[in-house]
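Below: one structure, written as structure tokens.
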Amino acid sequence: MERGFPDTMKSQIGNWFNICDTLAPNTAKNFISMTATKNSRYVTRQPEILSGEPIIQGTRTPVRAIVENWRLGIRPEEIPLHLPHLNLAQVFDALSFYLDNQAEINEYIERNHIPDELVHPAIKARLNQQ
């Protein structure tokens, strides 16, 4: 089965680009670049998902979620067991992206950190057992 857009949709998209370029050159290209930014093979940014935080393409999983698992001592090969919608290539790509963009991802991690006083005692007890 062939993936992608049906031919009728391709022609409609092509017409849209032609109309935009006629009215305002490069508008269509600028629109596409504003909606999704590809950072690596599997990491992308979409302004409407987590305010543009780097995520795994096709998911809402932020790179920081993978990094946080890794920082907890979970081996990259085991992360898909915890995030089963991801494959190993996506995990390694996210970690590679992190290593190239540590300051940014660390900022997202810090911003999303839950203060200890807000963590339920049962969760704290469970984490202390590990």
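Residues that are surrounded by fewer than 16 Cβ atoms within 10 Å (Cβ to Cβ), part of a helix (DSSP H, G or I) and polar (S, T, N, Q): does the range 82-105 have at least one? Yes. Being surrounded by 11 or more Cβ atoms within 10 Å (Cβ to Cβ), part of a helix (DSSP H, G or I), touching a helix residue (DSSP H, G or I) at 6+ places or on another chain (Cβ under 8 Å) and of a type outside the set (Gly, Ala, Ser) is not true of Ile74. Whether a residue is among the hydrophobic types (A, V, I, L, M, F, W, C) and in a loop (DSSP other than H, G, I, E, B) was assessed, and Ile66 does not pass this test.
Every number in this text was worked out from the coordinates using simple rules, so none of it is lab data. All values derive from a computational prediction rather than experimental measurement. Note: ideal-geometry Cβ built from the backbone for every residue, glycine included; neighbour counts use all protein chains shown.
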